[in-house]
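Okay, so here's the structure we're looking at.
A short reminder: the numbers here are calculations on the coordinates, not readings from a lab. Owing to the predicted nature of the structure, the values given are computational and were not obtained by experimental measurement. Ideal geometry is used to build each Cβ from the backbone, glycine not excepted, and the neighbour counts take in all protein chains shown.
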Amino acid sequence: MKTPAQGNGDAIRTVDAQHHLHPFTDSGKLNARGARVITRAEGIYLWDSEGQRLMDGMSGLWCVNLGYGRKELIAAATQQMEVLPYYNTFFQTTNAPAARLAQAIADITPGDLNHVFFASSGSEAVDTVIRMVRHYWTLNGQPRRKALIARENAYHGSTVAGASLGGMGPMHRQATPLLPDIHRIPQPYWYGEGRGLSEDEFGLLCAKALEDKILEIGPENVAAFIGEPVQGAGGVIVPPATYWPEVQRICRKYDILLAADEVICGFGRTGSWFGCETFGFQPDIMSMAKGLSSGYLPISAVAVGDRIANALINAGDDFNHGFTYSGHPVAAAVALENIRLLQEERVVDYVANTIAPYFQTRIRERLGHHPLSGHIEGVGLLAGIALVRDRASGTLFDSEIDVGTICRDHCFRNGLVMRACGNRMVFCPPLVITPAEVDEMVEKARECFDLTYDDVRALILDQAQAG
């Protein structure tokens, strides 16, 4: 039975191809094929214009933590729209939702992250971190501290600043010239880059790369190190347990600011309110977005430690940075209600103690021994699976076989949304997923892995015959 919104797919696809430029997309190929038209959603499921039901194993884009159709979030937006749909927070002005949300974020963030700066996206939040840490050192009488250290294969947004800070080559090629004074160190990807060492040894080695880079640049020139607790778009790279505590020790030793990019990990994703708590480190400044409103409205924030905030507050001058929608009252009202629901329904506890252990166990039981599955790593409701050509040796597929895209397309055709990050398949389901839904998701994934395996074996045979 079709919903009222269905049946319009062809018309929407035509208009979309004529006028809509999509993010991170080969527009020519998409227009030739036609975009998938999503018409409605409920819980952890989506429906497209042809009536197909899709299980959303990616929480939209790492963000729909509370699932779709939450009436409380819709009501919060509606009520605030009726009272004050918009006003800016420039010109010595605030609004009640923004002020209360700042307090709510300060209450749940660890340590002394007691002040909050609002923006609309993770990219804007990362831009704010860059501006803020560099300005802090100028106010502190050390204007030479401009250098920022990040990691290879990290994702910190797609603005010029975010792309420059991140470590993804295809983005760098389209963002040139990159911002100056940004340096990168290796990622803590043990399976792909650290075999021959124990995970703990590799974690310490990757942390030492930070110290080596600081000494190379000169501590007096370094403003901050920034990293995602778990690298999300890089393929869900979970660092060894030794990594983050050692990174924090090094930052403290050289008085380098430690910035956590919690855009994906924040608001319960790893089984703690924030990923830094899961991995045992305390940042000086923290960017967040996505799960802040469960994706219902665009909003992001930067939680700022007392050291940085007090410098800004006592500077006696403006911090000349901000956005039209900083502290947008409707987005703030939704985010405030989102936090209330996470607290009232004890969602973070549910992730930590119930559903994440079940999820991590089930994906290993059903996918861990699959001939395509080289290695599974995950924490909370995040998981990344390396797809390999040879399981015994861990040999990856060459570039002529795009195994991730093959698997992703099988998933979509069979009612499951998973993401391909190169040769890694990624799970990031809504935090409210049930054990029965985990079972359904894992079985769908297993079926799609089987179909992918059949396809790549045929491609390998064709390669051998052609050779």
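Given the stretch 129-245, what percent of its DSSP beta bridges are antiparallel, to the nearest 5? Could you put the intermediate results ahead of the total?
Details: 1 of 8 bridges.
Given both bridge residues lie in the stretch 129-245, the antiparallel proportion sits at roughly 10 percent.
Are there DSSP H segments in the chain that both extend 27 Å or more along their axis (alpha-carbon positions) and score a mean Kyte-Doolittle hydropathy of at least -1.0? List them, or say none.
The answer, listed by residue number, is 199-217, 435-466.
Could you compute the FRET efficiency for Met81 and Arg195, with r as their C-beta to C-beta distance and R0 at 41 Å, rounded to 0.05?
According to the calculation, E is roughly 0.15.
Mean 1/r over all different Cα pairs, inverted: what Kirkwood radius does the chain give, in Å?
About 23.3 Å, per the Kirkwood formula over Cα pairs.
Can you pull out the trypsin sites (Lys or Arg not before Pro) in the stretch 193-269 that DSSP calls coil and that have at most 15 other Cβ atoms within 10 Å?
Here the sparse-neighbourhood loop sites are Arg195.
Residues of the stretch 129-170 with the amide nitrogen closer than 20 Å to a label point 7 Å from the Cα of Glu220, along Cα-to-Cβ, please.
Answer for this model: 134-149.
Which of the pairs Lys71/Lys290; Lys208/Lys290; Lys290/Lys444; Lys29/Lys290; Lys29/Lys444 have their Cα atoms more than 23 Å apart in this structure? Write out the running numbers ahead of the final one.
On the way: Lys71/Lys290 19 Å; Lys208/Lys290 31 Å; Lys290/Lys444 26 Å; Lys29/Lys290 28 Å; Lys29/Lys444 27 Å.
In this structure, Lys208/Lys290; Lys290/Lys444; Lys29/Lys290; Lys29/Lys444 lie more than 23 Å apart at Cα.
Can you give the charge dipole size of the stretch 71-344 about its Cα centre, rounded to the nearest 20 debye, using +1 on the beta carbon of Lys and Arg and -1 on the beta carbon of Asp and Glu? Present the calculation step by step, with values, prior to reporting the outcome.
Numbers: 20 positive and 28 negative charges, 74 e Å.
The calculated dipole for the stretch 71-344 is roughly 360 debye.
Quick one: length gained pulling Tyr358 to Asp26 fully straight, 0.36 nm per residue minus the C-alpha distance? Write down the numbers at each step before the final one.
Numbers: separation 332, 0.36 × 332 = 119.52 nm, distance 3.72 nm.
That works out to 115.8 nm of additional length.
Using only C-alpha positions, report the orientation-averaged shadow area of the convex hull of the stretch 71-344, nm², one decimal.
Spelled out: convex hull of the Cα atoms, projected over all directions, averaged, 14.6 nm².
Counting other C-beta atoms within 10 Å, and keeping those with at most 16, which DSSP coil trypsin sites (Lys or Arg not before Pro) do you find in the stretch 347-412?
Arg391
For the stretch 80-147, which trypsin sites (Lys or Arg not before Pro) pass both filters: DSSP loop (anything but H, G, I, E, B) and at most 14 other C-beta atoms within 10 Å?
The qualifying sites are Arg144.
If each DSSP helix of 4+ residues adds -39,500 (n - 2.57) and the sum is divided by the residues in the chain, what number results at 222 nm, nearest 500 deg cm²/dmol? Let's see the in-between values first.
Details: 18 runs with 200 residues, N = 467.
When only DSSP H runs of four or more count, the value is -13000 deg cm²/dmol.
Placing unit charges on C-beta atoms (Lys and Arg positive, Asp and Glu negative, everything else neutral), compute the dipole magnitude of the chain about its Cα centre in debye, rounded to 20.
360 debye
Arg340 to Ala392: extension gain in nm, 0.36 nm per residue of separation minus the Cα-Cα distance?
14.0 nm
With each label point set 7 Å from Cα along the Cα-Cβ vector, what nm distance links His172 and Thr434?
Label at His172, label at Thr434, 4.7 nm between them.
Counting GluC sites (Glu not before Pro) as exposed when in a DSSP loop with at most 15 other beta carbons within 10 Å, what is the longest stretch of the chain free of them? List each step's numbers first, then the result.
Details: sites that count: Glu50, Glu345, Glu400.
Segment 51-344 is the longest.
Starting from the alpha-carbon convex hull of the stretch 75-161, give the projected area averaged over all orientations, in nm².
Working: hull surface 34.5 nm².
Taking a quarter of the hull surface, the average projection is 8.6 nm².
Give me the percent of DSSP beta bridges within the chain that run antiparallel, rounded to the nearest 5.
Within the chain, antiparallel bridges account for around 70 percent of the total.
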